[in-house]
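Colleague: Provided herewith is a single structure, encoded as structure tokens, for subsequent inquiry.
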Amino acid sequence: MNKKGFTLLELMVAVAILGILVGIAIPNYLTWNARYEFKDTARNLSSNLTLAKLSAMERNTAITLTLQNNGGVTEYVTTNTIIPTEPFPSDVSVNGGLPVSITFNAFGQRTTGGAGNQVINLDSLEQQNTRYVLTITTSGKVSIVMQNT
């Protein structure tokens, strides 16, 4: 009568409840992870554009960051090794075509893309109603905004 432990039925009920919770949690986790990777890609690009601007000012030389397609993978490279080449996740693309070059002069000003703001639109296959818009002003300021399309 003083036996301690769980019965087989109690263990089976606990495993079934755990299975249901995992079945609900996995799709939510996958959606969250895809959204996080997309946001992280946009933020990394924004940070590296700012780093290119500051590096151009520090080195007193022009630095160009180029978004390009390399073997089906979108990546960005710079004219020097300050910013390592970094590929985008496979589901993230640049809307408007590649390559896109952004050049900062020794004063930190953007010298490519015309007289107005240069805009880069990032889209994702996983997050179809979300777009990150990076805007680079002629003065070199980089801003990022999420838009629901």
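Colleague: Quickly run through region 68-110 and pick out the residues that are within 26 Å of M57 (Cα to Cα), among the aromatic types (F, W, Y) and under 17 Å from the mean Cα position of the chain (by Cα).
Modeller: The answer is Y76, and nothing else.
Colleague: Would region 74-87 turn up any residue that is surrounded by fewer than 17 Cβ atoms within 10 Å (Cβ to Cβ), in a helix (DSSP H, G or I) and at pLDDT below 95?
Modeller: No; the residues of region 74-87 include none that is surrounded by fewer than 17 Cβ atoms within 10 Å (Cβ to Cβ), in a helix (DSSP H, G or I) and at pLDDT below 95.
Colleague: Still on this structure, please answer the following. Looking at region 90-149, which of the residues that are aliphatic (A, V, I, L, M) and in contact (Cβ under 8 Å) with a residue 60 or more places away in the chain is surrounded by the most Cβ atoms within 10 Å (Cβ to Cβ)?
Modeller: The qualifying residue surrounded by the most Cβ atoms within 10 Å (Cβ to Cβ) is L122.
Colleague: (1) farther than 19 Å from V142 by Cβ; (2) of a type outside the set (K, R); (3) surrounded by 12 or more Cβ atoms within 10 Å (Cβ to Cβ); (4) out of contact with any strand residue (DSSP E or B) (no Cβ under 7 Å at 6 or more places or on another chain): which one isn't true of G23, the others all being true?
Modeller: Unmet for G23, out of (1) farther than 19 Å from V142 by Cβ; (2) of a type outside the set (K, R); (3) surrounded by 12 or more Cβ atoms within 10 Å (Cβ to Cβ); (4) out of contact with any strand residue (DSSP E or B) (no Cβ under 7 Å at 6 or more places or on another chain): (3).
Colleague: Would you please list the contacts, defined by Cβ atoms under 6 Å and residues six or more apart or on different chains, that run from a residue in region 44-66 that is of a type in the set (K, R) to a residue that is in a loop (DSSP other than H, G, I, E, B) and surrounded by fewer than 19 Cβ atoms within 10 Å (Cβ to Cβ)?
Modeller: K53/G108
A quick yes/no check of all residues on (1) among the polar types (S, T, N, Q); (2) farther than 26 Å from L30 by Cβ; (3) touching a strand residue (DSSP E or B) at 6+ places or on another chain (Cβ under 9 Å):
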{"position": "T66", "(1), (2), (3)": "yes, yes, yes"}
{"position": "P89", "(1), (2), (3)": "no, no, yes"}
{"position": "R110", "(1), (2), (3)": "no, yes, yes"}
{"position": "V145", "(1), (2), (3)": "no, no, yes"}
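The values are calculated or read from the model by the stated rules, or taken from the named source; none is laboratory data. Here the structure is a predicted model, which is why all the values come from computation and not from measurement. Don't worry about glycine lacking a Cβ; one is built from the backbone with ideal geometry, like all the others, and counts go over all protein chains shown.
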